[in-house]
Amino acid sequence: MNNTDDLYKLRLETVRSHLQARWKDPKKSDFGSLYDGAIEHVKGNVHQLYNPRIPFMIQAYFEDMAKILSDLKYRARDGAQAWLVVSNSAYADREIPVDLIIADIGANLGWKLKEVAVLENIQRRKSKYSPSIDTLRESLVIFENTK
C-alpha cells in the first residue's frame, strides 16, 4: 500500500468484517436461529455499540461467508474438505458465536459439518462496549463436500 486510497480499495475487495469501508448494505439474513438471536440483541442495544453500523457489518460478514461457502461447494470435488479458522466477536456485551453460525450456514448450503473444534480462548482487551466478556473462542470449522 502506498497511501490510504490504496488501503481503502483493498478493503473494498475483502470480506465485509470492518467499518472502515462503505459497502453496499447486505440483503440476506437467513443464517439460522443463532444468528437471529445475536443480531436481535445487537440491534436492540445499538446504544451500547461504538458505531451504529455494526449490525449491518455483522450481517454483511455472514452474507459474504455464505457466498464463499456456496462458491466453494460448487467448485469442490466430492469428499473435499473446507477448513475455516474463525474467532467469535463481542458486541453490546454479548458474544457472537461466529463459529456456530458459520457451521449453520455451511450445513444449510449442503456441506456436511464434520467438526467445530475450539482451538483456544483468546484473551480480549476490556472495553466499555462489552465489559463482561474476557475471552473469545477461536475455532476450526471443518466441512466435507457431498454431492
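Things worth noting here:
- Selection count where residues are of a type in the set (A, V, I, L, M) and closer than 16 Å to Glu95 by Cβ, scope region 21-47: 4
- Across region 33-81, the number of residues qualifying as touching a residue at least 24 places away in the same chain (Cβ under 8 Å) and not in a helix (DSSP H, G or I) comes to 11.
- Of the residues Ser29, Ser130, the single one that is in contact with a strand residue (DSSP E or B) (Cβ under 6 Å, 6 or more places away or on another chain), part of a loop (DSSP other than H, G, I, E, B) and among the hydroxyl-bearing types (Ser, Thr, Tyr) is Ser130.
- Val86 fulfils the conditions (1) under 26 Å from Pro52 (Cβ atoms); (2) outside any strand (DSSP E or B); (3) in contact with a strand residue (DSSP E or B) (Cβ under 8 Å, 6 or more places away or on another chain) except for a single criterion, (2).
- Residue in region 118-130 that is at pLDDT 95 or above, buried (at least 18 other Cβ atoms within 10 Å of the Cβ) and β-branched (Val, Ile, Thr) present: no
- Looking across region 87-109 at every residue that is under 9 Å from the mean Cα position of the chain (by Cα) and touching a residue at least 60 places away in the same chain (Cβ under 8 Å), the one that is surrounded by the most Cβ atoms within 10 Å (Cβ to Cβ) is identified as Ile101.
- Residue check for Glu115: without any contact (Cβ under 8 Å) to a residue 40 or more places away in the chain and under 30 Å from Asp78 (Cα atoms): yes
- Selection within region 45-69 - touching a Leu at 6+ places or on another chain (Cβ under 8 Å) and either surrounded by fewer than 16 Cβ atoms within 10 Å (Cβ to Cβ) or of a type in the set (Asp, Glu) (or both): Asn51, Arg53
- Flag if Ile122 is under 21 Å from Val46 (Cβ atoms) and either without any contact (Cβ under 8 Å) to a residue 60 or more places away in the chain or outside any strand (DSSP E or B) (or both): no
This table checks each residue for (1) touching a Phe, Trp or Tyr at 6+ places or on another chain (Cβ under 8 Å); (2) at pLDDT below 95; (3) crowded, with 16+ Cβ neighbours inside 10 Å.
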residue	(1), (2), (3)
Gln20	yes, yes, no
Lys73	yes, no, yes
Val85	no, no, no
Val116	no, no, yes
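The values are calculated or read from the model by the stated rules, or taken from the named source; none is laboratory data. These numbers were taken from a predicted model, which means no experiment stands behind them. Every residue, glycine as well, gets a Cβ built from its backbone with ideal geometry; the counts of neighbours run over all protein chains shown.
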